[in-house]
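Below is one structure, written out as structure tokens, with a few remarks after it.
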Amino acid sequence: MNSKDDSELLKRLLIVFEFEAEEHIQKISAGLLALEKPTSNDEQNSLVEMIFREIHSFKGSARSVNLLDIEHTCQALESTFDSLKTHKIMLTAEILDSIHDRLNSIQIMLRFSKEAHPPKQEFPKTPVSSSEVHTPEAHTPEVHTPPRCSTDVVGSRGNCKKHSSVRTCKKCKDSCSQT
């Protein structure tokens, strides 16, 4: 493989990672919420083990796409859960707060990762005449403009259903100002 192929592979892996990361975070968050409720020792041990495995998988996924800050934060969480599993430490409100803080920092890192690696926008291919083949600088690709929002794509709360959940859509600004 050459560096261009490696770069394309990493981009595809990052897209998959982003979906997996959301799943990991949801499962970890659900486990944390369950841990905050009174449970038996067996239930607590089972939840700690489940969260530990989820964090371990998340850490490996982050490593595979070179997101080292996320990997290191997952390693710290994994160490905390290992200590909880082996009863070296007891689960306290302070430890739960620390775990939530680290999970929040991972979510922030993911947001920055998405901004640093936005999905590639596909443009429709336009036919190129034989005269344009020799002068590529003369060829201007046709830019696809997203369809304007109309009242049929605006939700009951006035949100743009097509592009965003916010009142003023950042993708089609003027068209969503109808909301």
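Every number in this text was worked out from the coordinates using simple rules, so none of it is lab data. Everything numeric in this text was worked out from a predicted model, so none of it was measured. So basically every Cβ, Gly included, is an ideal-geometry build from the backbone, and we count neighbours across all protein chains shown.
Observations on the model:
- Taking a point 7 Å from the Cα of residue 45 along the Cα-to-Cβ direction, the residues of the stretch 66-93 with backbone N closer than 19 Å to it are 80-92.
- Number of Lys-Lys pairs in the stretch 15-120 with C-alpha atoms under 23 Å apart and a separation of 8 or more places or on different chains: 9.
- Here residue 90 and residue 7 are evaluated by their C-beta separation; at R0 = 45 Å the FRET efficiency comes out at 0.45.
- Point-charge dipole on Cβ atoms (K/R +1, D/E -1) for the stretch 8-116, about Cα centre, debye to 20: 200 debye
- Dipole orientation for the stretch 8-116: of the candidates 75, 95, 50, 75 has the Cα lying most toward the positive pole (charges on Cβ; Lys, Arg +1; Asp, Glu -1).
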